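J.: Would you mind keeping the following structure in view while I ask a few things?
The values are calculated or read from the model by the stated rules, or taken from the named source; none is laboratory data. Just so you know, these numbers come straight off a predicted model, no measurement behind them. Note that each Cβ is placed from the backbone with ideal geometry, even for glycine, and that neighbours are counted across all protein chains shown.
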Amino acid sequence: MAEPLIELRGVSKSFGSTVILDHVDLQIHRGEAVAVIGPSGTGKSTVLRIMAGLLVPDAGEVYIGGQRRTGLAEDSKDPIGIGMVFQNAALFDSLTVDENVGFLLYQHSNLPATKIRELVERKLEMVGLTGISDRYPAQLSGGMRKRVSLARAIMENPEDPAGNPEVILYDEPTAGLDPIASTVVEDLIRQLQNSQGGCTSYVIVTHQDSTIRRTADRIILLYHGKVQWEGTVDELDSTDNQLVQQFRTGSIHGPIQVIE
């Protein structure tokens, strides 16, 4: 099998006395669409932040494109580009859409402003948001803000093609959206995979059943800091794993402890 794009080997992470991840092994391969699911507080977002290089594990190893990463992403350049879409979109309120989407290029490239604006418009067109580059986040709906954050995550730098995002990490991209807005974002996530100027692979953390079924090919369930189950969307309905059954049905009865 080809070298994984991202691999976690025996990764552990604690915050204070609370163990969040406990010797997690996980691989993401080129072309995959992977959903990480599980109850709240089981380390799903922590996994994404470790993959992105925003957190350093307490133990274990992280490999990006076959190379071991030491420290944070900012400490050394990863061999592949990794983009991230945060749950709350994480846009700068004081900047326009153009400035948000093109932020890294405006700050860290020698490209002229006209070229950056051209690239921004191209990305906004890909997410169905042409003609809004001069607006501010406060002027956008929740679904539009999510799509702006998608455009920012796939922004390429012509001066550094090796750093263009090959993997996108999505942290609850449809949280707080109505069903129609969720469908729009879910469709965009699928369309951006392998599209020209998009990404080859992605990992998505979500609780929403429609997002799991519409965006994932492989599913990983985390509970008590460990990978408890792995399978396809079809297997989600047929597995006899009690953790999966309880999570899927939302039952308060089962091995998953209900937090009151």
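J.: Taking into account only those residues within segment 27-57 that are within 12 Å of ARG9 (Cα to Cα) and either modelled with pLDDT under 95 or of a type outside the set (A, V, I, L, M) (or both), which is surrounded by the most Cβ atoms within 10 Å (Cβ to Cβ)?
T.: PRO57
J.: Of the residues MET84, MET126, only one is crowded, with 17+ Cβ neighbours inside 10 Å and touching a Lys or Arg at 6+ places or on another chain (Cβ under 9 Å); which?
T.: None of the other options fit; the residue is MET84.
J.: Condition test on ILE219, is it in contact with a strand residue (DSSP E or B) (Cβ under 8 Å, 6 or more places away or on another chain) and not in a strand (DSSP E or B)?
T.: no
J.: Still on this model: Confirm whether LEU177 is crowded, with 18+ Cβ neighbours inside 10 Å and closer than 27 Å to ALA113 by Cβ.
T.: no
J.: Tally time: how many residues in segment 88-118 are more than 22 Å from the chain's Cα centre (by Cα), among the aliphatic types (A, V, I, L, M) and surrounded by fewer than 19 Cβ atoms within 10 Å (Cβ to Cβ)?
T.: Adding up the residues that qualify gives 3.
J.: Within the bounds of segment 65-75, is there any residue that is of a type outside the set (Phe, Trp, Tyr), over 25 Å from VAL233 (Cβ atoms), touching a residue at least 40 places away in the same chain (Cβ under 8 Å) and in a loop (DSSP other than H, G, I, E, B)?
T.: The answer is yes, given that some residue of segment 65-75 is of a type outside the set (Phe, Trp, Tyr), over 25 Å from VAL233 (Cβ atoms), touching a residue at least 40 places away in the same chain (Cβ under 8 Å) and in a loop (DSSP other than H, G, I, E, B).
J.: Hey, among GLN257, GLN191, which residue is assigned to a loop (DSSP other than H, G, I, E, B), at pLDDT below 90 and of a type in the set (S, T, N, Q)?
T.: Among GLN257, GLN191, only GLN257 is assigned to a loop (DSSP other than H, G, I, E, B), at pLDDT below 90 and of a type in the set (S, T, N, Q).
J.: Report those strands (runs of 3 or more DSSP E) wholly inside segment 2-50 carrying at least 3 residues which are of a type outside the set (A, V, I, L, M).
T.: Fully inside segment 2-50 and qualifying: 6-15, 18-28.
J.: Can I ask one more? So which pairs qualify, if the first residue must be in segment 122-145 and closer than 13 Å to GLU99 by Cα, the second must be surrounded by fewer than 16 Cβ atoms within 10 Å (Cβ to Cβ) and among the polar types (S, T, N, Q), the Cβ gap must be under 7 Å, and the two must be at least 6 apart or on different chains?
T.: LEU124/THR130
J.: Let me ask you something else. For the structure I just gave you, tell me whether ARG147 is of a type outside the set (Val, Ile, Thr) and closer than 15 Å to GLY31 by Cα.
T.: no
J.: Please specify each residue of segment 129-142 satisfying the condition of being in a helix (DSSP H, G or I) and surrounded by fewer than 18 Cβ atoms within 10 Å (Cβ to Cβ).
T.: Within segment 129-142, ALA138, GLN139, GLY142 qualify.
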